[in-house]
1. Being modelled with pLDDT of 80 or more and out of contact with any Pro (no Cβ under 7 Å at 6 or more places or on another chain) narrows it down to one residue among 35, 16; which is it?
2. Give the residue that is nearest to the chain's Cα centre (by Cα), with candidates limited to residues of segment 108-166 that are touching a residue at least 60 places away in the same chain (Cβ under 8 Å), farther than 16 Å from residue 185 by Cα and surrounded by 15 or more Cβ atoms within 10 Å (Cβ to Cβ).
3. In segment 73-92, what residues are surrounded by 13 or more Cβ atoms within 10 Å (Cβ to Cβ) and either at pLDDT 85 or above or hydrophobic (A, V, I, L, M, F, W, C) (or both)?
4. Determine whether residue 67 is surrounded by 14 or more Cβ atoms within 10 Å (Cβ to Cβ), modelled with pLDDT under 90 and within 30 Å of residue 30 (Cβ to Cβ).
5. Considering only segment 109-200, give the strands (runs of 3 or more DSSP E) lying wholly within it that have at least 3 residues that are aliphatic (A, V, I, L, M).
6. Can you list residue pairs whose Cβ atoms sit under 6 Å apart, with the first residue in segment 89-106 being free of Cβ contacts under 8 Å to residues at least 12 places away in the same chain and the second being surrounded by 14 or more Cβ atoms within 10 Å (Cβ to Cβ) and of a type outside the set (S, T, N, Q)? Count only pairs 6 or more apart in sequence or on different chains.
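The values are calculated or read from the model by the stated rules, or taken from the named source; none is laboratory data. Bear in mind that the values here come from a model prediction, so they are computed numbers and not experimental data. Heads up, the Cβs are rebuilt from the backbone with ideal geometry, glycines too, and the neighbour counts pull from every protein chain shown.
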Amino acid sequence: MWRKDDKVMLTNEEMLAVQEAIQYIEIFKQIMICLLICGAKILEISIQSVKTVCMVKGQKLVSAILGFIECMVWGLVVSSVITTLSEDFTLLFSYCLGYALGLYLGSIIESKIALGTSSVQIMVSKEHIDAVEGYLKENNHGFTILDGRGSKEAMFVVIMVLPRKEVKAIMSEIRTLCNNKVFMVTSEVSKYTGGYGVRK
């Protein structure tokens, strides 16, 4: 009958197997820590990037909520390992990789949700202005048309203010209507008031 005080004798092969298993466990543990640091940093920086855009756009409540989540991620995960980064290159690499990927992912997320409003200026020739005007009226977009003069011929300047998320589709449709013979410029709009057909 086995008793607690009895000693278990292992053969050399068994000792080697135990040591090897411990090494694998340590490697797995290190990999998981690196993945945790990298993932937490990606999440933190992605949130930070979107939060900054929301602050610029004046969305105070969303910015505050994202800031709270960002601090929570930092407090629970990142701050607990940051003091050991200089002692372990793999942890430092994971931290830096997470930071870089977080910036990249944050910019992709921001471009997908397309926060804010854009001003679009479209330079159209007389040949295509009727088609452009008809398309904009049909889709209830507000616009202003001005007479202009290009280097070779008279032009029309169409000015619009649109939600940023709609700009890409509208520009694509107008390029198709004009057979790509059109010049368009977009810029960010911080504040505006009034107007017809402007959707916030």
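1. 35
2. Within segment 108-166, the match that is nearest to the chain's Cα centre (by Cα) is 110.
3. Within segment 73-92, 73, 74, 77, 78, 81, 82, 85, 91, 92 meet the criteria.
4. Against the criterion (surrounded by 14 or more Cβ atoms within 10 Å (Cβ to Cβ), modelled with pLDDT under 90 and within 30 Å of residue 30 (Cβ to Cβ)), residue 67 does not qualify.
5. Those strands (runs of 3 or more DSSP E) span 117-125, 154-163, 182-189.
6. 92/85
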